[in-house]
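J.: My questions all concern the structure below.
The values are calculated or read from the model by the stated rules, or taken from the named source; none is laboratory data. Remember, it's a predicted structure, so these values are computed and weren't measured experimentally. Quick reminder, even Gly has a Cβ in these numbers, built from the backbone with ideal geometry, and neighbours come from all protein chains shown. For the accessible areas, the whole protein counts, side chains as well, though only heavy atoms, and no ligand, DNA or RNA atoms are used. Shrake-Rupley method; radii C 1.70, N 1.55, O 1.52, S 1.80 Å.
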Amino acid sequence: MAWPEENPSSSKIARGKIRISEEWSKAAVSITFGSQDSPQPTVLVCGPKNSGKSTFSRHLLNVLLQKYKKVAFLDTDIGQTEFTPPGVLSLCIIDKPTPDLEIICMKTPERTTNDLHVMDHMLYLKGVFKDLSCNLFFIAVIRCYFFGDVSSSRDPGKYLQCVYALYDYYRDELCKSENSKSSMVELPLIVNTPGWIKGSGYEVLVKMLNYVSLTHVVKLRSYNDSKDLPRGAFWCDNGCNHSTLLEIKAVIDCATCPLTLQKIAALFREIKMIAYFRQCIPSGSNLNRNKVLARALAALPPYEVPISSIKVRHLHCQVPSSEVFYSLNASIVGLGISSEKSPDIHLCVGLGIVRGIDLFKGLLYVITPVPLRILEKVDILLQGFIQIPQGFLQAQGCVSPYSATDVLPIC
């Protein structure tokens, strides 16, 4: 058996500012280097909120990359996303270890190639990010869907439809060899899940576990049994489980200070959204404050999008036709491309801020880091409940252009 570079027997293994327990290290090693004849790992990580699911997933990603050239990452945690803005379900491919185990989206993007190609309904977004120690890491967002909320509670059925579509694409397209559709490509998969595991959240998780063909299920347990998932293979009705179940302890007591943790989660979401729209600004700009960034975004010339060329879809509510543009103005929208193969869900190529609307000219004004050649393919705007960061609206000393009133001319 091949073993990773570090020694998993040590009591603590440092990764950046986070220390990995011996139990976590052994779990990641057993998944990656279990046996020579084991199939490539397909791992789902689950557990209560703030138990360390994302941190363990990043650690497992680094260990898997010691054996495999690339690893696929299916992110279903729309409230605390890894490689995309909040409210987006994504399938990514990573070929370099993350520089540390801190929250990846906290790193300010140094630049982005915006090298997004639409070929046979395959989406590629290559991002290059720089961490505080000047290490570069690379991700490719292969496919994503804009759900438009930070929880699946508004529409669990649609949420699962997106999850299934992403997994199907991984299984049917990414894992098949280009030379022979019958042969498989070595591409392990990590599925990161939300921490909502009670009520409808539990039912959603069970359906995910039964849909995805898994080799391993990693279940994190907190210090409060009432917060945890049931013991054993709880998702199997008939008691037949073909996956290896690993139960490991959370690194922190996720039952403590729930209000504080909620505030931190909301802050992280805002920082990720700010980092996303930071990509609209040239990389050489010195934007170290929200006020400066808000002014820079307001000064950008927006894209002009003909209203006649797009449809507007409200994802989780009904909006009267007379109020559609009032609802759309000064909002964050998903930039979608419709497909006859999946008319109910739409591929997302990025997010945009509707900067303004001119009904006389029939134009929408949109700010987005998505390049024009891709924006021209967008034919649907998806509006959910993802809001413009407060840092853009409440920058001290800056009058926000997004909170203006009476901006729609009356025809």
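J.: Which one is nearest to Ile380 (Cα to Cα) among residues in the range 283-316 that are open to solvent by less than 60 Å² (accessible area, probe 1.4 Å) and assigned to a loop (DSSP other than H, G, I, E, B)?
T.: Only one residue fits best here, namely Ile310.
J.: Restricting attention to the range 376-383, does a residue exist that is assigned to a strand (DSSP E or B), over 21 Å from Phe277 (Cα atoms), in contact with a helix residue (DSSP H, G or I) (Cβ under 7 Å, 6 or more places away or on another chain) and open to solvent by less than 50 Å² (accessible area, probe 1.4 Å)?
T.: Scanning the range 376-383, I find no residue that is assigned to a strand (DSSP E or B), over 21 Å from Phe277 (Cα atoms), in contact with a helix residue (DSSP H, G or I) (Cβ under 7 Å, 6 or more places away or on another chain) and open to solvent by less than 50 Å² (accessible area, probe 1.4 Å), so the answer is no.
J.: Can you pull out every residue in the range 337-373 that is among the hydrophobic types (A, V, I, L, M, F, W, C) and modelled with pLDDT under 90? Break it down into steps so the answer makes sense when it comes.
T.: If we filter the range 337-373 for residues that are among the hydrophobic types (A, V, I, L, M, F, W, C), which is where we start, we get 337, 345, 347-349, 351, 353-354, 357, 359-360, 363-364, 366-367, 370, 372.
Leu372, the sole residue that qualifies.
J.: Restricting the search to the range 184-207, which residues are part of a strand (DSSP E or B) and open to solvent by 10 Å² or more (accessible area, probe 1.4 Å)?
T.: The answer is Met184, and nothing else.
J.: From the list Thr42, Thr84, pick out the single residue that is polar (S, T, N, Q), open to solvent by less than 50 Å² (accessible area, probe 1.4 Å), modelled with pLDDT of 95 or more and closer than 26 Å to Leu160 by Cβ.
T.: The conditions single out Thr42.
J.: Restricting the search to the range 142-169, which residues are among the aromatic types (Phe, Trp, Tyr) and in a helix (DSSP H, G or I)? Spell out how you get there, then give the answer.
T.: As a first pass, look at the range 142-169 and keep what is among the aromatic types (Phe, Trp, Tyr): 145-147, 159, 164, 167, 169.
Result: Tyr159, Tyr164, Tyr167, Tyr169.
J.: Asn62 versus (1) open to solvent by 10 Å² or more (accessible area, probe 1.4 Å); (2) out of contact with any Ser or Thr (no Cβ under 9 Å at 6 or more places or on another chain); (3) not in a loop (DSSP other than H, G, I, E, B): which is the lone unmet condition?
T.: Answer for Asn62: the failing condition is (2).
J.: Let me ask something additional. Sort through Gly336, Gly352 and tell me the only one that's open to solvent by less than 20 Å² (accessible area, probe 1.4 Å), under 14 Å from Leu382 (Cβ atoms) and either touching a Ser or Thr at 6+ places or on another chain (Cβ under 6 Å) or of a type in the set (D, E, K, R) (or both). First the steps, then the outcome.
T.: Details: Gly336 fails: either touching a Ser or Thr at 6+ places or on another chain (Cβ under 6 Å) or of a type in the set (D, E, K, R) (or both).
Being open to solvent by less than 20 Å² (accessible area, probe 1.4 Å), under 14 Å from Leu382 (Cβ atoms) and either touching a Ser or Thr at 6+ places or on another chain (Cβ under 6 Å) or of a type in the set (D, E, K, R) (or both) holds for just one of Gly336, Gly352, which is Gly352.
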